[in-house]
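**Student:** Let me give you the structure first, and then I'll get to my questions.
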Amino acid sequence: MSEGELKPAAMEVEGVASSSKPPRFRIPVDSDNKATEFWLFSFARPHMSAFHLSWFSFFCCFLSTFAAPPLLPLIRDTLGLTATDIGNAGIASVSGAVFARVAMGTACDLVGPRLASASIILLTTPAVYCSSVIDSASSYLLVRFFTGFSLASFVYTQFWMSSMFSPPKVGLANGVAGGWGNLGGGAVQLLMPLVYEAIRKIGSTPFTAWRVAFFIPGILQTCSAIAVLAFGQDMPEGNYRKLHRSGDKHRDSFGNVLRHAVTNYRGWVLALTYGYCFGVELAVDNIVAQYFYDRFGVKLSTAGFIAASFGMANVISRPGGGLMSDWLSSRFGMRGRLWGLWVVQTVGGVLCVVLGTVDYSFGASVAVMILFSFFVQAACGLTFGIVPFVSRRSLGLISGMTGGGGNVGAVLTQLIFFHGSKYKTETGIKYMGLMIIACTLPITLIYFPQWGGMFLGPRPGATAEEYYSREWTEEEREKGYNTGSVRFAENSVREGGRSGSQSKHTVHVVESSV
């Protein structure tokens, strides 16, 4: 039964109250106040305003983190950087966010995405401005390391969307927010060379022009943090501080959040597989402009345009992955989400191998790179179509673990295949594709008792409510701390596939309305 068919039933139960009392939100919501529709071009508060604030602030952080690679040939010549220096800086740019993302997930669980996001953005902004005064390989490495912490902003983006949108729409919301944020990795490949050329035409020297260019991403990042603080809201019901004071939200402890995250093996599997979709994307962002510049002898602006096409695919690829995840769920439940992720990411690995093989042809390399970008980025969207269902009590930390896994994958990929001169870049790309294929296989191990896995159906009698309630003690359940988890379980019924009981869904909706 569709959501639209359920609404009249709920309205009949609510009776006069529903007709006399105006809706609390402009956008339709479920029993947990999560949006059941996705109005892309709306700023309706708090759901859609949170969406636009999250993707834009993440976009700005991506601009800052990858502002250096498009200008790397200039920075390399000015500072006298070696291949090892460049490799180390590339690793540094994504390694800092490994622990920052885990910390960000915990902060989202404890204090909410609004304060957590603004804090990380403002703390890393000084490093962006300092990029304009670097004068050695060590200072270049340090600014890239500290700027890279801002990539932890991805975690609050996914947490925020998972807190604002209902299960049938969470894959799409996460996909679009993450995809449009990741778009910064492509946009910066175009932006920084253009800003550099504009400053040059004003009359600046090359030595000064690339330094001044770093002020653009720095200013944008600062403004995004101010916007989040001014216009953001943690949950549909309000901010964490207000909800904690009123008693509407349980103030959880770090120990409980940590325990339920690290003991759920599904989170670790997704962290590994995410390391070889998003992690690969980060690695490619670091090497792609220089690869085409050195391998095919194209102009700096041309190399930047080609590199930008890789990141710019996020406009539709990652959102497409999220939309695919929700569509597969509507037909096949959670098992469809899992199969979709495995197939798409494996195809991405095959295309990566092909990319490293066709290095003899400029045209073929560009074509395969663009096709590869669609699959590897769609896999990111498919991953975060699954993450919100792993845990409710530790949603932020599970998101942080998964996001941190992406950075670990990027670090390992850079270190093994693109550090120093051990491998030619095209050889490293080929081996990276094989790694993607291998590290995608553990998805077959993910199993939800109430919904099943790729090869096994659900366990008889298992329910989503039982699965999520295990994260709370009997005493906590008696106090009603797990109310949010119960409502989420009710609204997740279609993860069981079309064979799920429609009557059971109707009862839950009506009961929650009463």
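**Student:** Given the conditions (1) closer than 16 Å to residue 387 by Cα; (2) out of contact with any Pro (no Cβ under 8 Å at 6 or more places or on another chain), and given that residue 474 satisfies all but one, which numbered condition is not satisfied?
**Tutor:** Among (1) closer than 16 Å to residue 387 by Cα; (2) out of contact with any Pro (no Cβ under 8 Å at 6 or more places or on another chain), the lone unmet condition for residue 474 is (1).
**Student:** Pairs please, first residue from segment 253-266 and within 15 Å of residue 469 (Cα to Cα), second anywhere and small (Gly, Ala, Ser) and in a helix (DSSP H, G or I), Cβ atoms under 9 Å, 6+ apart in sequence or on different chains.
**Tutor:** 257/105; 257/396; 261/105; 261/267; 261/396; 261/400
**Student:** In segment 288-308, is there at least one residue being under 19 Å from residue 406 (Cα atoms) and not aliphatic (A, V, I, L, M)?
**Tutor:** no
**Student:** Let me ask something else about it. Just wondering, is there one or more residues in segment 467-481 that are buried (at least 23 other Cβ atoms within 10 Å of the Cβ), at negative phi and in a helix (DSSP H, G or I)?
**Tutor:** Looking through segment 467-481, none of the residues is buried (at least 23 other Cβ atoms within 10 Å of the Cβ), at negative phi and in a helix (DSSP H, G or I).
**Student:** Would you please name the residue that is farthest from residue 188 (Cα to Cα), looking only at residues in segment 301-342 that are surrounded by fewer than 22 Cβ atoms within 10 Å (Cβ to Cβ) and modelled with pLDDT under 80?
**Tutor:** Among those residues, the one meeting the criterion is 301.
**Student:** Next question. Among the residues of segment 163-175, is there at least one that is farther than 25 Å from residue 373 by Cβ and small (Gly, Ala, Ser)?
**Tutor:** Within segment 163-175, one or more residues are farther than 25 Å from residue 373 by Cβ and small (Gly, Ala, Ser).
**Student:** In addition: If you check residue 298 against the conditions, is it in a helix (DSSP H, G or I) and either farther than 29 Å from residue 74 by Cβ or open to solvent by 10 Å² or more (accessible area, probe 1.4 Å) (or both)?
**Tutor:** no
**Student:** Run down 42, 31 and say which single residue is of a type in the set (S, T, N, Q) and open to solvent by 20 Å² or more (accessible area, probe 1.4 Å). Walk me through it before giving the result.
**Tutor:** Working: 42 fails: open to solvent by 20 Å² or more (accessible area, probe 1.4 Å).
Of the residues listed, the single one that is of a type in the set (S, T, N, Q) and open to solvent by 20 Å² or more (accessible area, probe 1.4 Å) is 31.
**Student:** Return the only residue of 158, 189 being in contact (Cβ under 8 Å) with a residue 40 or more places away in the chain and under 22 Å from residue 231 (Cβ atoms).
**Tutor:** Result of the check over 158, 189: 158.
**Student:** Tell me yes or no: at least one residue of segment 439-455 is in a helix (DSSP H, G or I), small (Gly, Ala, Ser), in contact (Cβ under 8 Å) with a residue 24 or more places away in the chain and surrounded by 15 or more Cβ atoms within 10 Å (Cβ to Cβ).
**Tutor:** Quick first cut of segment 439-455, residues in a helix (DSSP H, G or I) only: 439-445.
Within this subset, residues satisfying the condition of being small (Gly, Ala, Ser) are none.
Among the residues of segment 439-455, not one is in a helix (DSSP H, G or I), small (Gly, Ala, Ser), in contact (Cβ under 8 Å) with a residue 24 or more places away in the chain and surrounded by 15 or more Cβ atoms within 10 Å (Cβ to Cβ), which makes the answer no.
**Student:** Oh, and also: So which of 85, 109 is part of a helix (DSSP H, G or I), surrounded by fewer than 19 Cβ atoms within 10 Å (Cβ to Cβ) and either under 24 Å from the mean Cα position of the chain (by Cα) or on the phi < 0 side of the Ramachandran plot (or both)?
**Tutor:** 85
**Student:** Same structure again: Among (1) of a type outside the set (Phe, Trp, Tyr); (2) surrounded by fewer than 22 Cβ atoms within 10 Å (Cβ to Cβ); (3) within 20 Å of residue 152 (Cα to Cα), where does residue 351 come up short?
**Tutor:** Residue 351 satisfies all of (1) of a type outside the set (Phe, Trp, Tyr); (2) surrounded by fewer than 22 Cβ atoms within 10 Å (Cβ to Cβ); (3) within 20 Å of residue 152 (Cα to Cα) except (3).
**Student:** Now for a different question. Taking into account only those residues within segment 403-434 that are at pLDDT 90 or above and in contact with a Phe, Trp or Tyr (Cβ under 6 Å, 6 or more places away or on another chain), which is most open to solvent (accessible area, probe 1.4 Å)?
**Tutor:** The extreme case among them is 431.
**Student:** With the requirement that a residue be closer than 16 Å to residue 455 by Cβ, touching a residue at least 60 places away in the same chain (Cβ under 8 Å) and either touching a strand residue (DSSP E or B) at 6+ places or on another chain (Cβ under 6 Å) or assigned to a helix (DSSP H, G or I) (or both), what does segment 317-358 give you?
**Tutor:** Listed by number, the residues that qualify are 332, 334, 335, 336, 337, 338, 339, 341, 342, 346.
**Student:** Out of the residues in segment 382-427 that are among the hydroxyl-bearing types (Ser, Thr, Tyr) and in a loop (DSSP other than H, G, I, E, B), which is nearest to residue 491 (Cα to Cα)?
**Tutor:** Among residues in segment 382-427 that are among the hydroxyl-bearing types (Ser, Thr, Tyr) and in a loop (DSSP other than H, G, I, E, B), the one nearest to residue 491 (Cα to Cα) is 391.
**Student:** I've got another one for you. Any residue at all in segment 273-281 that's touching a Leu at 6+ places or on another chain (Cβ under 8 Å), among the β-branched types (Val, Ile, Thr), open to solvent by 20 Å² or more (accessible area, probe 1.4 Å) and touching a residue at least 60 places away in the same chain (Cβ under 8 Å)?
**Tutor:** Scanning segment 273-281 turns up no residue that is touching a Leu at 6+ places or on another chain (Cβ under 8 Å), among the β-branched types (Val, Ile, Thr), open to solvent by 20 Å² or more (accessible area, probe 1.4 Å) and touching a residue at least 60 places away in the same chain (Cβ under 8 Å).
**Student:** Scan the helices (runs of 4 or more DSSP H) fully inside segment 121-232 and keep the ones with 3 or more residues being open to solvent by 10 Å² or more (accessible area, probe 1.4 Å) and more than 26 Å from residue 75 (Cα to Cα).
**Tutor:** On the way: elements: 137-148, 153-164, 167-202, 206-213, 215-231.
Filter on segment 121-232 gives 167-202, 215-231.
The values are calculated or read from the model by the stated rules, or taken from the named source; none is laboratory data. This one's a predicted model, so the numbers in the text were calculated from it and none came from an experiment. For neighbour counting, all protein chains shown are included, and Cβ atoms are generated from backbone atoms with ideal geometry for every residue, glycine included. Quick note on the areas: whole protein, heavy atoms, side chains included, nothing else; ligands and nucleic acids left out. Shrake-Rupley method; radii C 1.70, N 1.55, O 1.52, S 1.80 Å.
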